[in-house]
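**Q** I have a structure I would like to understand better, so I am pasting it below and will then ask my questions one at a time.
The values are calculated or read from the model by the stated rules, or taken from the named source; none is laboratory data. Predicted model only: the values in this text are computed from it and were never measured. So basically every Cβ, Gly included, is an ideal-geometry build from the backbone, and we count neighbours across all protein chains shown. Areas reflect the complete protein model, heavy atoms only, side chains present, ligands, DNA and RNA absent. Shrake-Rupley method; radii C 1.70, N 1.55, O 1.52, S 1.80 Å.
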Amino acid sequence: DQVREALENIISNAVKYSAETGEIKIGVKSDAELITVEVADEGMGIPEKEQAKVFSRFFRAENALSQEPNGSGFGLFVVKSYVESWGGKVWFQSPTQPSGRGTTFFVQIPLHPITPQIGRAH
């Protein structure tokens with residue numbers, strides 16, 4: 001359920017922040033250790049000055065607020081929390097020039113997620 005929720009969040013953001021005629025590409029790669037999902041959109045991009053805060057709780061970039069005023073800014077924080085709890089990682093690429101368009105999010109999940117060892121002696 002958490003994997004589905006994480007991917008739905010990334011994909012729904014791509015749809016929400018892209019023009020109706022924009023293209024969204026989703027790719028999946030795997031090897032013996034990892035599955036990597038890539039979601040690329042042609043949306044507004046993430047301003048360079050705000051990129052460091054993208055995965056912060058309740059954060060929404062200024063350009064996102066102006067295009068889509070509704071939203072909690074909690075989704076990408078949850079995605080990052082889930083993915084990192086499985087031993088994976090999530091990151092993005094977005095053009096840094098002011099007129100940059102499009103963002104690509106990457107979600108990398110180990111095929112054998114870590115299981116926290118609570119209460120075990122080392």
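**Q** Pop a pseudo-label 7 angstrom from the Cα along the beta-carbon direction at both D31 and K89 and give the gap in nm to one decimal.
**A** Each label point is offset 7 Å from its Cα along the Cβ direction, giving 1.3 nm.
**Q** Hey, if we sort K89, K29 by accessible area with the 1.4 Å probe, largest down, what's the order?
**A** Details: K89 105, K29 135 Å².
Most to least solvent-accessible, the answer reads K29, K89.
**Q** I need the shape label for segment 6-61. Rule: rounded when a/c is under 1.5, else prolate if a/b > b/c, else oblate, with a, b, c from the alpha carbon gyration tensor. Before the final figure, lay out each step's value.
**A** On the way: a/c = 2.17, a/b = 1.30, b/c = 1.67.
Oblate, because a/c is 1.5 or more while a/b does not exceed b/c.
**Q** Relative to the present Cα-Cα distance, how much length would full extension add between I11 and E38 at 0.36 nm per residue of separation?
**A** Details: separation 27, 0.36 × 27 = 9.72 nm, distance 0.97 nm.
Going from the current span to full extension adds 8.8 nm.
**Q** With every protein chain present, what accessible area does D31 have (1.4 Å probe, heavy atoms only), rounded to the nearest 10 Å²?
**A** Number for this one is 90 Å².
**Q** For an R0 of 41 angstrom, estimate the FRET efficiency from the Cβ-Cβ distance between E48 and H112 and round to the nearest 0.05.
**A** Details: r = 36 Å, r/R0 = 0.88.
Result of the calculation: an efficiency of 0.70.
**Q** If I model a spin label at A19 and V78 as a point 7 Å from the Cα along the Cα→Cβ vector, what separation in nanometres do I get?
**A** So the two model labels end up 3.1 nm from each other.
**Q** At a probe size of 1.4 Å, how large is the accessible area of L7, to the nearest 10 Å²?
**A** 40
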